[in-house]
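A.B. asks: After the structure tokens below, expect a handful of questions from me.
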Amino acid sequence: MASASPAGSDGQPSSDAVNVHMLKIVPNNTDVVALEKQDELLRRRRKLAKEVTQMKKLKPVSPGLRWYRAPIYPYLHKGRAIKSLTLAKRGNGGRNHSGKITVRHRGGGHKRRLRTVDFSRFESGLQTVDRIEYDPGRSAHIALLKHNDTGALSYILACDGLRAGDTVESYRKGIPPSFLKEMGGKVDPAILSVRTAQRGNCLPISMIPIGSIVHNIGITPSGPGKFCRAAGSYARVLSKIPEKNKAIVRLQSGEHRYVSLEAAATMGVVSNIDHQNRSLGKAGRSRWLGIRPTVRGVAMNKCDHPHGGGRGKSKSKKLSMSPWGQLAKGYKTRRGKHQNKMKVKDRPRGKAGRSARQ
């Protein structure tokens, strides 16, 4: 297996080698090039981790089990969720109020209850992770927290590496008075970063060191987290602009955008990073998840799809398009470059974009 750090032809590390020892807290004077090298190292580590990930394989006594692959998570809770933190969900099968299909390929699936996940995390004070649970409504795992003082229970998105018994805290309401007493009434940024910028803690972006990896990022000062909530996703804080009261974060797509300095984010990467490596093995598992089949256009009648009709299975010389006639390949659907004022830099396209997202 190749080493994680590049080396020169003589065996010595090259001048542009990636620093293998990634800093837990990146100094504010770190430039963007160094951050890009750390991202490249993170992608390389994920690729190596994919090769050594322990996946569940079953004896192929049926065709549906031959290609079934699923990550093994021995730390997941095997019981039911807390009923007071769940809501009943009634499926609509992709239909709107008048019964017409507005979202295709949805319907059926196992009965499930919605978990009420706290994306805002305004509750201050120390909280202990009681257990890590599976959530059927999302790709990431969730963590059940118990407040050390009040005993209140709540669900949050579990970050990678968070386990039962760990403690997390939210600093959205500011620095606790106990911290100020420990620091002698004076705020030391270095000590504050070491104490607060820990995995699973929720902080205002103004308190997060530049270069840190975060998830569940909010947009407005009092709003909940909106970005980077899917399994294995994360963003990186690139810079802070105090005069505009904004910070620039790079999302996993490669897009750079503004967020408020007072908006909150959670430290770390979202859990279940091996979600993309699973293989369902058979069509029935998709039906269990509420995903219905996708019928090809050439298999339809002429009245149902532009590719339909004719003799044999051919769409003739027509360009690939959707059932409503919108071109599928190369057709730009965005309204223009200046529609979103919060976007600083667009995500990379083509081969550069694919390599950046691997």
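What follows draws every value from the coordinates through simple rules; no lab data is involved. These numbers come from a predicted model, not from an experiment. When we count neighbours, we look across all protein chains shown, and the Cβ atoms used for this are built from the backbone with ideal geometry, even at glycine.
A.B. asks: Under 5 Å between amide H atoms, partner at least 5 residues away or on a different chain: which partners does His141 have, H built in plane at 1.01 Å?
C.D. replies: Distant-sequence amide H within range of His141: Ala158, Ser271, Asn272.
A.B. asks: Which value, in Å³ per residue, describes the convex hull spanned by the Cα atoms of the chain?
C.D. replies: 222
A.B. asks: Could I ask something else about it? Do you know the relative contact order of the range 239-357, to the nearest whole percent, from alpha carbon pairs under 8 angstrom that are 6+ apart? Don't skip to the answer; put the middle values down first.
C.D. replies: Numbers: 117 pairs, mean separation 33.0, N = 119.
Relative CO of the range 239-357 lands at 28 percent.
A.B. asks: How many percent of DSSP beta bridges within the range 83-267 run antiparallel, rounded to 5?
C.D. replies: Roughly 95 percent of the beta bridges in the range 83-267 run antiparallel, per DSSP.
A.B. asks: Turning to a different aspect of this structure: At 20 °C and 1.002 mPa s, grab the translational diffusion coefficient of the range 83-267 from Stokes-Einstein with a Kirkwood Rh over Cα pairs, rounded to a whole number in µm² per second.
C.D. replies: Here the translational diffusion coefficient equals 119 µm²/s.
A.B. asks: Okay, moving on. Could you pull out every one of the lysines with an alpha carbon less than 24 Å from that of Lys345, ignoring same-chain neighbours closer than 8 positions?
C.D. replies: Leaving aside lysines fewer than 8 places away in the same chain, those within reach of Lys345 are Lys37, Lys226, Lys240, Lys244, Lys246, Lys329, Lys332, Lys337.
A.B. asks: Could you compute the net charge surrounding Lys181? Neighbours are other residues with a C-beta less than 14 Å from the C-beta of Lys181; K and R count +1, D and E count -1.
C.D. replies: On the way: positive: Lys186, Arg195; negative: Glu182, Asp188.
In short, 0.
A.B. asks: Another question about this same structure. Convert 20 °C to kelvin, take the viscosity as 1.002 mPa s, use the Kirkwood radius over C-alpha pairs of the range 189-269 as Rh, and evaluate the Stokes-Einstein diffusion coefficient in µm²/s, rounded to a whole number.
C.D. replies: Here the translational diffusion coefficient equals 175 µm²/s.
A.B. asks: Explain nothing, just the number: relative contact order of the chain, from Cα pairs under 8 Å at least 6 residues apart, as a whole percent.
C.D. replies: 15
A.B. asks: Can you tally the net charge around Tyr73? Count Lys and Arg as +1, Asp and Glu as -1, for every other residue whose Cβ sits under 13 Å from the Cβ of Tyr73.
C.D. replies: On the way: positive: Lys56, Lys78, Arg131, Arg163, Arg278; negative: Glu133, Asp135, Asp160, Asp274.
Surrounding charge for Tyr73 is +1.
A.B. asks: With charges only on Cβ, +1 for K and R and -1 for D and E, what is the dipole size of the chain about its Cα centre, in debye, rounded to 20?
C.D. replies: Charge dipole, the chain, about its Cα centre: 2840 debye, nearest 20.
A.B. asks: For the range 210-310, which trypsin sites (Lys or Arg not before Pro) pass both filters: DSSP loop (anything but H, G, I, E, B) and at most 14 other C-beta atoms within 10 Å?
C.D. replies: On the way: sites: Lys226, Arg229, Arg236, Lys240, Lys244, Lys246, Arg250, Arg257, Arg278, Lys282, Arg285, Arg287, Arg296, Lys302; in loops: Arg229, Arg278, Lys282, Arg296, Lys302.
Those that pass, being in a loop and sparsely packed, are Arg296, Lys302.
A.B. asks: Now, a different point. If you count the DSSP beta bridges with both ends in the chain, what percent of them are antiparallel, to the nearest 5?
C.D. replies: 95
A.B. asks: Here is a follow-up. Write out the trypsin sites (Lys or Arg not before Pro) in the range 28-127 meeting two conditions: DSSP loop, and at most 16 other Cβ atoms within 10 Å of their Cβ.
C.D. replies: Sparse-neighbourhood loop trypsin sites (Lys or Arg not before Pro): Lys57, Lys78, Arg80, Lys89, Arg90, Lys100, Arg104, Lys111, Arg112.
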